[in-house]
Amino acid sequence: MIKRIIFTLLLISGCIVAAPLSAQAGSNIVGTVCNGNNNTGSSAVCTDTKNVNPSTNPIIDRFQKITLIVAYVAGAAAVLMLLAGSLKYITAAGDSNKISSAKNTIIYALVGIIVIVLAASIIEFVVTKIK
């Protein structure tokens, strides 16, 4: 039962880490369509330059890129710690000290993932409102 819970938590955490990647992939769809070979460059949406690139502040753009990189690196580290805790739990062989250490590793990794997601979301929200 515990192994099934750990597997489910690993699966959910993988989805949490992958969600920003998929959201990032479609973030500038207007710019992609207007600059592509879709013959839509003369449409009303493409001629409105505010829709293509709303940010003109390079400091905010740089801050946003840095926070995104830090969030990805921290998220990857948290997922690796979750995997390490899971492996420690599986190989504990009934030793209560190893089991409690593994459970603490898993709990701290999950808390880390939650903090990373919330921090990245708050920063993105604030930066979007500043733009």
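The values are calculated or read from the model by the stated rules, or taken from the named source; none is laboratory data. Since the structure is predicted, the reported quantities are computational estimates derived from the model, not experimental observations. Glycine also receives a Cβ, built like all others from the backbone with ideal geometry; neighbour counts cover every protein chain displayed.
A few remarks follow.
- If you go through segment 115-124 and keep only what is exposed (fewer than 12 other Cβ atoms within 10 Å of the Cβ) and either β-branched (Val, Ile, Thr) or farther than 18 Å from ILE69 by Cβ (or both), you end up with just ILE122.
- If the condition is being among the aliphatic types (A, V, I, L, M) and surrounded by fewer than 15 Cβ atoms within 10 Å (Cβ to Cβ), then segment 95-114 contributes ILE107, VAL111, ILE114.
- Elements of type helices (runs of 4 or more DSSP H) contained in segment 1-107, each with 1 or more residues being modelled with pLDDT under 60, closer than 19 Å to ALA119 by Cα and among the aliphatic types (A, V, I, L, M): 2-25
- Residues in segment 105-121 that are farther than 12 Å from LEU82 by Cβ and not aliphatic (A, V, I, L, M): SER121 only.
- The residue of segment 64-94 that is surrounded by the most Cβ atoms within 10 Å (Cβ to Cβ), among those that are of a type in the set (S, T, N, Q) and farther than 18 Å from THR105 by Cα, is GLN64.
- For segment 106-131, the tally of residues that are touching a residue at least 12 places away in the same chain (Cβ under 8 Å) and more than 17 Å from ARG4 (Cα to Cα) stands at 13.
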